[in-house]
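Quick notes on the structure that follows.
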Amino acid sequence: MSRNRNALCLSIALVFAAPAAFAAGEDIDKINGSITAEAGQGYGNLETVNGSITLESGSSADSAET
């Protein structure tokens, strides 16, 4: 019984942990344009040439480069 309960708990934990492990933010690259990271959203790499990058409240990015 205890073994089945442990297996069930592990399965449930993996189901809830999997989306976070695979969640990857969107990468955005622009030339001569600005990038705005929308509030509350997560992004991967933000990169622009001759533009600006704005992070609204609650947004995040793995990296930002101009």
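Six or more apart or on different chains, Cβ under 9 Å: which pairs go from a residue in the range 1-15 that's modelled with pLDDT of 70 or more to one that's surrounded by 10 or more Cβ atoms within 10 Å (Cβ to Cβ) and not in a helix (DSSP H, G or I)? Could you list them?
Once the first residue is modelled with pLDDT of 70 or more and sits in the range 1-15, no partner that is surrounded by 10 or more Cβ atoms within 10 Å (Cβ to Cβ) and not in a helix (DSSP H, G or I) comes close enough.
Of all residues in the range 25-62, which are in a strand (DSSP E or B), more than 11 Å from the chain's Cα centre (by Cα) and either loosely packed, with under 11 Cβ neighbours inside 10 Å or of a type outside the set (A, V, I, L, M, F, W, C) (or both)?
Listed by number, the residues that qualify are D29, K30, I31, T36, E47, T48, T54.
Would you please list the contacts, defined by Cβ atoms under 6 Å and residues six or more apart or on different chains, that run from a residue in the range 38-62 that is farther than 17 Å from D27 by Cβ to a residue that is of a type in the set (A, V, I, L, M, F, W, C) and part of a loop (DSSP other than H, G, I, E, B)?
Partner pairs satisfying both residue conditions: E56/A39; S57/A39; G58/A39.
The values are calculated or read from the model by the stated rules, or taken from the named source; none is laboratory data. These numbers were taken from a predicted model, which means no experiment stands behind them. All Cβ positions, even for glycine, are placed from backbone atoms using ideal geometry, and neighbour counts span all protein chains on display.
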